[in-house]
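Peer 1: I have a structure here, written as structure tokens, and I will follow up with some questions on it.
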Amino acid sequence: MAEDRPSPWEQAPERRKKLAHKRAERLARRAEYWGKRLEAARQIGPEAVASLTFDRVRGDFDRLPGERRERAYLALAQALDAVREAHAE
């Protein structure tokens, strides 16, 4: 009778949700959180939006490994230069 059922070591664990699904839900919650904060900052003014955006970027950059962080900082600097050039008068 025990031979009919495979042992627990031979079966993959059953998950209630797929890991990709859990990750997608987490990212959606995170996007909603930052969307609400950004909307609240827009009500205050452009300085609040800039400050919030900088805080978010800084937090995301701090979690990146060394070389990827350097590339991200370079990309951000280029984006800021492009914004400055586009709005310079």
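The values are calculated or read from the model by the stated rules, or taken from the named source; none is laboratory data. These figures come from a predicted structure and were not determined experimentally. Here the Cβ positions follow ideal geometry from the backbone for every residue, glycine too, while neighbour counts run over all protein chains shown. For accessibility, only protein heavy atoms count, side chains too; no ligands or nucleic acids. Shrake-Rupley method; radii C 1.70, N 1.55, O 1.52, S 1.80 Å.
Peer 1: Measure nothing but the geometry: give the 0 to 90° angle between the long axis through the Cα atoms of 46-62 and the longest principal axis through the Cα atoms of the chain, rounded to 10°.
Peer 2: 40
Peer 1: Using the alpha-carbon atoms, what tilt in degrees (0 to 90, nearest 10) does helix 19-44 show relative to the longest principal axis of the chain?
Peer 2: Approximately 20 degrees, to the nearest 10.
Peer 1: Using a Förster distance of 41 Å, how high is the FRET efficiency between GLU32 and ALA88, based on the Cβ-Cβ distance and rounded to 0.05?
Peer 2: 0.75
Peer 1: Add -39500 (n - 2.57) for each DSSP H run of 4 or more in the chain, then divide by its residues: what number comes out at 222 nm, to the nearest 500 deg cm²/dmol?
Peer 2: Estimated from H runs of four or more residues: -25500 deg cm²/dmol.
Peer 1: Ordering LEU27, LEU19 by accessible area with a probe of 1.4 Å, largest first, what comes out?
Peer 2: LEU19, LEU27
Peer 1: Hey, in the GNM for the chain with a 10 angstrom Cα cutoff, which one of GLN11, GLN43, GLN78 fluctuates hardest?
Peer 2: Fluctuation is largest for GLN11.
Peer 1: Per Stokes-Einstein, at 10 °C and 1.306 mPa s, what whole-number D in µm² s⁻¹ belongs to the chain, with the Kirkwood radius over Cα pairs as the hydrodynamic radius?
Peer 2: Estimated via Stokes-Einstein, D reaches 91 µm²/s.
Peer 1: Using Cα atoms only, what is the angle between the long axis of helix 66-87 and the major principal axis of the chain, expressed in degrees (0 to 90) to the nearest 10?
Peer 2: It works out to around 40 degrees.
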